[in-house]
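J.: I'd like to ask some things about the structure below.
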Amino acid sequence: MTHSLRTILIDDEPLAISRLRRLLDKHHDTVEIIGEATNGAEGLTLIEAERPDLIFLDIEMPLLNGFDMLSRLTAMPMVVFATAFDQYAIRAFEENSIDYLLKPIEAERLARTIQKIRTFVERSDTSQAMTNPMTESVMKLLAQMQLSATPAKKEIHSISVKTGEKILLIPLSDIAYFEAEDKYVFLATTDGQKFLTTYTLTTLNEKLPDTFVRVSRSAMVNRHRITEIHRHFDGKFMLAMSDKKGTKLTSGSTYGEAVRQLMEL
């Protein structure tokens, strides 16, 4: 390769996009980040304006999801998906020769993606490498996955977290609550462990089933893991959780009505 690939990152999760940018810094000889977008609509505008060689694309986003955005492009760049889709969807990516990164993204996995991109570019004619070879495979994927993009939100059964060199899949039933601390969101399991996630509480509120209830700006709880609810002052509630630590969380004053309705008070 004689030059870095002009690259755009598109993801509605600030922590995820920040992590990806940090990991890509190690591959500056291959990737030059020229812009970021936080939803499909922004991504569409940015891609049409900048005509990048490569994009890293989330799928589940507000305004336009990743599939909708791709279907509206007039020129197709190389695409790497950053996805939380299950193994069946991942097979579709593989069959169409489009690479994917399963969140949370690992440095070693990203390095393999970068090498795959380099090999693809080096083997292709320079004038065609960035557009035509990818268009057919992307459109095949769109046809296969378009209808499944929205239902996938309702099929989440676990949250992936990284610990050391491993990625753990934590079943939703084992999660007692999520809690934001500064700029980070942790999930707490019923056995007392805490793990850093790449999601914001807003994103989790959109993606997770109704089993999980947002009770304050900094906390979301598994309603099946609440053992007691006590009225607090200023319209707040104290929630006792059934995790090993017996955690007690206080709802926000603006979330009082939601707690009353969801817990049938």
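J.: If you average the alpha carbon positions of region 213-265 and of region 57-73, how far apart do those two centres end up, in angstrom?
T.: First find each Cα centre; the distance between them is then 35 Å.
J.: At 0.36 nm per residue, and after removing the present C-alpha to C-alpha distance, how many nm does the segment from GLN261 to SER173 gain when stretched out fully?
T.: On the way: separation 88, 0.36 × 88 = 31.68 nm, distance 2.16 nm.
My answer for the length gained is 29.5 nm.
J.: Follow-up. Put a dot 7 Å past each Cα toward the Cβ at ALA111 and GLU165; how far apart are the dots in nm?
T.: Result: 1.1 nm between the two label points.
J.: Rounded, prolate or oblate: which one fits region 156-262, using the alpha carbon gyration tensor with axes a ≥ b ≥ c (rounded when a/c is under 1.5, else prolate when a/b beats b/c, else oblate)? Before the final figure, lay out the partial values.
T.: Working: a/c = 1.88, a/b = 1.65, b/c = 1.14.
Prolate is the answer for region 156-262, as a/c is 1.5 or above and a/b outweighs b/c.
J.: Can you give me the distance in nm between label points at HIS224 and LYS207, each placed 7 Å from the Cα along the Cα-to-Cβ direction?
T.: Distance between the two pseudo-spin positions: 1.9 nm.
J.: Here's something else I'd like to know. Taking 8 Å as the Cα distance limit and 6 or more residues as the minimum spacing, I'd like the relative contact order of region 201-264 as a percentage. Can you show the working numbers first?
T.: Details: 95 pairs, mean separation 17.4, N = 64.
The normalised contact order for region 201-264 reaches 27 percent.
J.: If a/c stays under 1.5 just call it rounded; otherwise compare a/b with b/c (prolate if a/b is bigger, oblate if not). Do that for region 178-225, with a ≥ b ≥ c from the square roots of the Cα gyration tensor eigenvalues.
T.: Numbers: a/c = 1.60, a/b = 1.05, b/c = 1.52.
Oblate.
J.: With contacts defined as alpha carbon pairs under 8 Å and 6 or more residues apart, what's the relative contact order of region 1-47 in percent?
T.: Values: 54 pairs, mean separation 23.5, N = 47.
Averaging sequence separation for qualifying contacts and normalising by length gives 50 percent for region 1-47.
J.: Obtain the nm distance between the two label points defined at ARG51 and PHE120 by a simple spin-label model: each point lies 7 Å from its Cα along the Cα-to-C-beta direction.
T.: Calculated label separation equals 2.0 nm.
J.: Got a sec? Charge dipole of region 156-265, +1 on Cβ for Lys and Arg, -1 for Asp and Glu; which of PRO209, THR197, ILE156 is way out at the positive end?
T.: My answer, from the dipole projection, is THR197.
J.: Along the Cα-to-C-beta direction of THR254, a point sits 7 Å from the Cα; which residues of region 199-222 have their amide N less than 19 Å from that point?
T.: Answer for this model: 200-207, 213-221.
J.: Over 23 Å between Cα atoms: which of LYS26/LYS207; LYS183/LYS248; LYS166/LYS245; LYS103/LYS245; LYS166/LYS248; LYS116/LYS194 fall into that group?
T.: Working: LYS26/LYS207 31 Å; LYS183/LYS248 21 Å; LYS166/LYS245 25 Å; LYS103/LYS245 28 Å; LYS166/LYS248 30 Å; LYS116/LYS194 35 Å.
The pairs that break the limit, which is 23 Å between Cα atoms, are LYS26/LYS207; LYS166/LYS245; LYS103/LYS245; LYS166/LYS248; LYS116/LYS194.
Values quoted throughout were computed directly from the atomic coordinates according to the rules given, and no laboratory measurement underlies them. These figures come from a predicted structure and were not determined experimentally. We place every Cβ from the backbone using ideal geometry, glycine too, and count neighbours over all the protein chains shown.
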